[in-house]
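**Student:** Quick one: the structure is below, questions incoming.
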Amino acid sequence: MKGPPHGVAVLDLEPAASDFLEQAIAGFSASPRTLPSKFFYDERGSDLFQEICELPEYYVTRTETEILRQHGTEIAESIGENAELVGFGTGAGVKTRLLLDHLQNLIAYVPVDISKQRLTESAEALSREMPNLEILPVCADYLQPFELPTPSREPAHIAVYFPGSTIGNMEPPVARHFLERVARLCGHSGGLIIGVDLQKSKEVLEAAYNDSAGVTAAFNLNMLDRANRELEADFDLSQWRHRAVYNDQAHRIEMHLVSGQAQTVHLGEYAFDFAAGEKIITEFSYKHTIEGFSALAASAGFQLARVWTDPRKLFAVFHFITL
């Protein structure tokens, strides 16, 4: 179905600003203090993340893209024809196009993203490039339940596409619960195509999250700047620094914002005291093995169909199916 002449219609389920405030207050009231990583992605944060993806130290995006270039036909064949593709945080970038270009008789593409502006821009760009594809964008937090729009043609099955190893931001019990919900969304004979970052040396990982250009630091600090703009906060960004370390026992990168001095920060009418050196956890990024992640997905109701990796086994793209 050709999209409307002035762009695509977005189903807007975007979280309200009050969600950010409530979760920031809850995170600052906890010990250790936290801010949910999903709030990285305002317009500025999304732009910074695109810069991160092009950094020489950040192997994730180019490695996953190369897997799709090398194995796109096999991945599409494994998914099968007449699918409805639901993309979590996929946009209209190179990885998405590589997959869409290989799928046979795709019924519809449903991109889901928390950033309405970025979602609208990417969906409209894709609509211009693929005018015969029905595109049904949904602005929503895909970590929470939401309803899928109904395409004009009935698909043979639903395939969820979740690239970028975002699954690594979830602690294992949360990841399992999320995968269980994805399995229900896929339904009978559905499937999940998911990118997963694999375990590797501490040196490679810490370099990827502490790039020499400081882009990841700016991305991390932008969360505080966003809080200043949207939540009436008064963070002095010069008194906070970015730090990312690899916890080799938990097999995860831990990204922090560290207070440079004893200070009090306000969010509206709330005040929070931070000690010098105290951290706010903004992201965990778990690194998996092929066997370990396959077992996690199996516990959520999926069966492994295929897995593809790069020659150095830095990254993996899995295809799981539901029965």
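**Student:** Please tell me if Glu77 is under 22 Å from the mean Cα position of the chain (by Cα) and among the acidic types (Asp, Glu).
**Tutor:** Working: under 22 Å from the mean Cα position of the chain (by Cα): no; among the acidic types (Asp, Glu): yes.
It is false that Glu77 is under 22 Å from the mean Cα position of the chain (by Cα) and among the acidic types (Asp, Glu).
**Student:** So, of the residues in the stretch 48-63 that are of a type outside the set (A, V, I, L, M) and either over 14 Å from the mean Cα position of the chain (by Cα) or under 17 Å from Ala227 (Cα atoms) (or both), which turns out to be surrounded by the most Cβ atoms within 10 Å (Cβ to Cβ)?
**Tutor:** Going through the qualifying residues, I end up with Thr63.
**Student:** Would you call Glu232 exposed (fewer than 15 other Cβ atoms within 10 Å of the Cβ) and not basic (Lys, Arg)?
**Tutor:** Numbers: exposed (fewer than 15 other Cβ atoms within 10 Å of the Cβ): yes; not basic (Lys, Arg): yes.
Yes; evaluated as a whole, the condition is true for this residue.
**Student:** Test of understanding: among Leu126, Leu119, Leu98, which residue is in a helix (DSSP H, G or I) and in contact with a Cys (Cβ under 6 Å, 6 or more places away or on another chain)?
**Tutor:** Leu119
**Student:** For the stretch 20-35, name all the residues that are surrounded by 14 or more Cβ atoms within 10 Å (Cβ to Cβ) and touching a residue at least 60 places away in the same chain (Cβ under 8 Å).
**Tutor:** Initial filter on the stretch 20-35 (surrounded by 14 or more Cβ atoms within 10 Å (Cβ to Cβ)): 20-21, 23-25, 27-28, 33-35.
Answer for the stretch 20-35, where residues must be surrounded by 14 or more Cβ atoms within 10 Å (Cβ to Cβ) and touching a residue at least 60 places away in the same chain (Cβ under 8 Å): Phe20, Leu21, Ala24, Ile25, Gly27, Phe28, Arg33, Thr34, Leu35.
**Student:** Restricting to the stretch 241-272, and then to whatever is buried (at least 17 other Cβ atoms within 10 Å of the Cβ) and among the hydroxyl-bearing types (Ser, Thr, Tyr), can you tell me which residue is nearest to Leu231 (Cα to Cα)?
**Tutor:** Ser259
**Student:** Given Phe178, Phe146, which one is in contact with a Leu (Cβ under 7 Å, 6 or more places away or on another chain) and outside the structural domain of Leu98 (by TED's automatic domain parsing)?
**Tutor:** Working: Phe178 fails: outside the structural domain of Leu98 (by TED's automatic domain parsing).
On inspection, the qualifying residue turns out to be Phe146.
**Student:** Has the stretch 154-165 got any residue that is outside the structural domain of Ile67 (by TED's automatic domain parsing), closer than 21 Å to Lys38 by Cα and outside any helix (DSSP H, G or I)?
**Tutor:** No, every residue in the stretch 154-165 fails to be outside the structural domain of Ile67 (by TED's automatic domain parsing), closer than 21 Å to Lys38 by Cα and outside any helix (DSSP H, G or I).
**Student:** Does Tyr109 satisfy the criteria of being among the hydroxyl-bearing types (Ser, Thr, Tyr) and not assigned by TED's automatic domain parsing to the domain that holds Met255? Give the steps one after another, and end with the answer.
**Tutor:** Working: among the hydroxyl-bearing types (Ser, Thr, Tyr): yes; not assigned by TED's automatic domain parsing to the domain that holds Met255: yes.
Answer is yes for this residue.
**Student:** If only one of Ala227, Ala217, Ala175, Ala156 is of a type outside the set (Val, Ile, Thr), within 21 Å of Ile321 (Cβ to Cβ) and over 16 Å from the mean Cα position of the chain (by Cα), which one is it?
**Tutor:** Values: Ala227 fails: within 21 Å of Ile321 (Cβ to Cβ); Ala217 fails: within 21 Å of Ile321 (Cβ to Cβ); Ala175 fails: over 16 Å from the mean Cα position of the chain (by Cα).
Among Ala227, Ala217, Ala175, Ala156, only Ala156 is of a type outside the set (Val, Ile, Thr), within 21 Å of Ile321 (Cβ to Cβ) and over 16 Å from the mean Cα position of the chain (by Cα).
The values are calculated or read from the model by the stated rules, or taken from the named source; none is laboratory data. Since the model is a prediction, treat every value here as computed from it, not as a measurement. Methodologically, a virtual Cβ is constructed for each residue, glycine included, from the backbone with ideal geometry; neighbour enumeration extends over all protein chains shown.
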